[in-house]
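**Q** Have a look at the structure that comes next, please.
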Amino acid sequence: MLLKQFSANLGCLTLIGLLAIAPSELSAHNGDNHANMAMSNAATSFLHSLDEKERNKTTFDFDDPHRVSWEFLPAAMIKRKGISLTELNKKQKMFAYDLLETGLSKSGNEKILNIIDLERVLLELTGSDIRIPELYSIMIFGEPSIESNWAWRFEGHHVSLNVTIVDGTMTATAPRFLGSNPAKVTEGDRQGLRALGKEEDLARELFKSFDAKQQKIAHFQSIAYGEIVTNRATEVGPLGYVGLRANRMTSDQKTLLETLIETYASTMPKVLADERMNQLREADMDKIRFGWAGETEVGEPHYYRIQGPTFLIEYDNVQNKANHVHTIWRDFTGDFGRDLLKEHYLNHPH
């Protein structure tokens with residue numbers, strides 16, 4: 001396992017130094033059983049590192065209602081289930097991050113590292129006792145194996161990663177929430193850090209590339225939403241059909257839109273990201289809409305939405321004087337592996 005020390009100034013915040021950066025590649029819809037075995041083995045090893053009381057706190061039935069109930073608020077503000085990294089010793093944290101790395105690419109790992117470290121930044125800036133950098137939880141639903149249906153979640157302030165494995169071979173990774181506060185660090189040892197900077201810059205570049213007629217269609221609302229519209233819903237459908245359709249964009253604009261979507265998909269291991277992008281292309285990229293709400297200049301409140309036949313991406317940067325980002329990827333039928341489970345039950349009568 002390849003480990004790296006995230007920051008020389010983290011002191012006792014050992015979890016950052018423990019987060020592995022080498023990605024393990026998951027199987028896609030009909031993919032590599034070896035990769036799924038790695039995920040199953042990582043989850044099993046993590047559970048074996050826990051004592052009985054800790055395992056009972058970490059594990060849930062696969063059909064537990066909490067599997068589809070997720071949060072992105074600071075853990076100190078809500079009663080989050082699962083076992084927190086604050087409760088684990090160094091060895092247990094290593095096993096926990098072995099599991100986490102199977103669900104992230106290298107760039108995804110880096111984003112998670114940066115988002116987690118922003119809790120330390122906020123603690124130093126505000127002194128608030130709700131800022132606890134290691135207060136991120138792990139939950140495992142069902143029994144990890146290469147044959148069963150099971151799931152796991154890594155969750156805390158501005159992070160909710162939900163992974164569902166069906167029949168040990170098919171993997172779903174939505175909903176996937178990432179946030180950043182501050183969106184841009186303006187002082188201290190992380191000054192200049194923008195954990196989700198590409199997600200903002202590419203979208204603004206795309207909007208600015210539109211001519212006046214295109215911008216009029218894309219800019220669907222003068223005031224940005226104060227929060228992502230879908231918030232923490234357990235299930236979502238398509239939002240309003242607003243914004244500019246890809247079939248009304250130039251080839252360069254379409255390429256930029258695809259690059260923006262890939263920025264979100266690339267938090268996943270490459271095999272899953274490639275599978276996800278192929279699914280979008282099969283569903284017809286020309287049907288995807290890009291819509292912008294709010295102001296259009298850097299530092300001003302703004303929101304954008306990317307919506308296709310099967311998925312939705314939301315980005316919101318309004319809070320804290322437009323220096324606080326929330327992002328989400330939702331699948332209309334695939335959140336929490338619902339589509340995969342439907343296929344499973346159709347083929348395996350119960």
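The values are calculated or read from the model by the stated rules, or taken from the named source; none is laboratory data. Bear in mind that the values here come from a model prediction, so they are computed numbers and not experimental data. A quick note on method: Cβ atoms are made from the backbone with ideal geometry, for glycine too, and the neighbour counts reach across all protein chains shown.
**Q** Quick one: is Tyr264 at pLDDT 95 or above and part of a loop (DSSP other than H, G, I, E, B)? Walk me through it before giving the result.
**A** On the way: at pLDDT 95 or above: yes; part of a loop (DSSP other than H, G, I, E, B): no.
Taking the combined requirement at face value, the residue does not satisfy it.
**Q** Within segment 126-221, which strands (runs of 3 or more DSSP E) (wholly inside it) include 2 or more residues that are free of Cβ contacts under 8 Å to residues at least 40 places away in the same chain and surrounded by fewer than 19 Cβ atoms within 10 Å (Cβ to Cβ)?
**A** On the way: elements: 137-141, 150-156, 159-166, 170-172, 176-180, 219-221.
Where strands (runs of 3 or more DSSP E) fall fully within segment 126-221, none carries at least 2 residues being free of Cβ contacts under 8 Å to residues at least 40 places away in the same chain and surrounded by fewer than 19 Cβ atoms within 10 Å (Cβ to Cβ).
**Q** Something else about it: If you go through segment 256-273 one residue at a time, do you hit one that is β-branched (Val, Ile, Thr) and over 18 Å from the mean Cα position of the chain (by Cα)? Spell out how you get there, then give the answer.
**A** Here is the first cut: in segment 256-273, the residues β-branched (Val, Ile, Thr) are 259, 261, 263, 267, 271.
This time we only want the ones that are over 18 Å from the mean Cα position of the chain (by Cα), so: none.
Scanning segment 256-273 turns up no residue that is β-branched (Val, Ile, Thr) and over 18 Å from the mean Cα position of the chain (by Cα).
**Q** When both residues are 6+ apart or on different chains and their Cβ atoms are under 8 Å apart, which pairs have a first residue that lies in segment 78-98 and is in the same structural domain as Trp152 (by TED's automatic domain parsing), and a second that is assigned to a loop (DSSP other than H, G, I, E, B) and of a type in the set (Ser, Thr, Tyr)?
**A** What qualifies is Ser84/Tyr136; Leu85/Tyr136; Lys91/Ser49; Gln92/Ser49; Phe95/Ser49.
**Q** Follow-up. When you scan segment 280-296, do you find a residue that is assigned by TED's automatic domain parsing to the domain that holds Lys213, in contact with a strand residue (DSSP E or B) (Cβ under 8 Å, 6 or more places away or on another chain), closer than 24 Å to Ser105 by Cβ and surrounded by fewer than 22 Cβ atoms within 10 Å (Cβ to Cβ), even just one?
**A** Yes, segment 280-296 contains a residue that is assigned by TED's automatic domain parsing to the domain that holds Lys213, in contact with a strand residue (DSSP E or B) (Cβ under 8 Å, 6 or more places away or on another chain), closer than 24 Å to Ser105 by Cβ and surrounded by fewer than 22 Cβ atoms within 10 Å (Cβ to Cβ).
**Q** Further, regarding this structure: Here is a list: Lys321, Lys342. Which entry is under 21 Å from Gly179 (Cα atoms), assigned to a helix (DSSP H, G or I) and of a type in the set (Lys, Arg)?
**A** On the way: Lys342 fails: under 21 Å from Gly179 (Cα atoms).
Going through Lys321, Lys342 in turn, the sole match is Lys321.
**Q** Conditions: (1) under 29 Å from Glu124 (Cα atoms); (2) surrounded by fewer than 21 Cβ atoms within 10 Å (Cβ to Cβ); (3) among the aliphatic types (A, V, I, L, M); (4) at pLDDT 50 or above. Ala96 meets all but one. Number of the miss?
**A** Ala96 satisfies every listed condition except (2).
**Q** Given Leu346, Leu341, Leu280, Leu272, which one is free of Cβ contacts under 8 Å to residues at least 12 places away in the same chain and farther than 22 Å from Asn231 by Cβ?
**A** Working: Leu341 fails: free of Cβ contacts under 8 Å to residues at least 12 places away in the same chain; Leu280 fails: free of Cβ contacts under 8 Å to residues at least 12 places away in the same chain; Leu272 fails: free of Cβ contacts under 8 Å to residues at least 12 places away in the same chain.
That would be Leu346, the only listed residue that is free of Cβ contacts under 8 Å to residues at least 12 places away in the same chain and farther than 22 Å from Asn231 by Cβ.
**Q** Got at least one residue in segment 92-107 being under 14 Å from the mean Cα position of the chain (by Cα), of a type in the set (Gly, Ala, Ser) and either part of a helix (DSSP H, G or I) or more than 19 Å from Ile328 (Cβ to Cβ) (or both)?
**A** Yes, segment 92-107 has at least one match.
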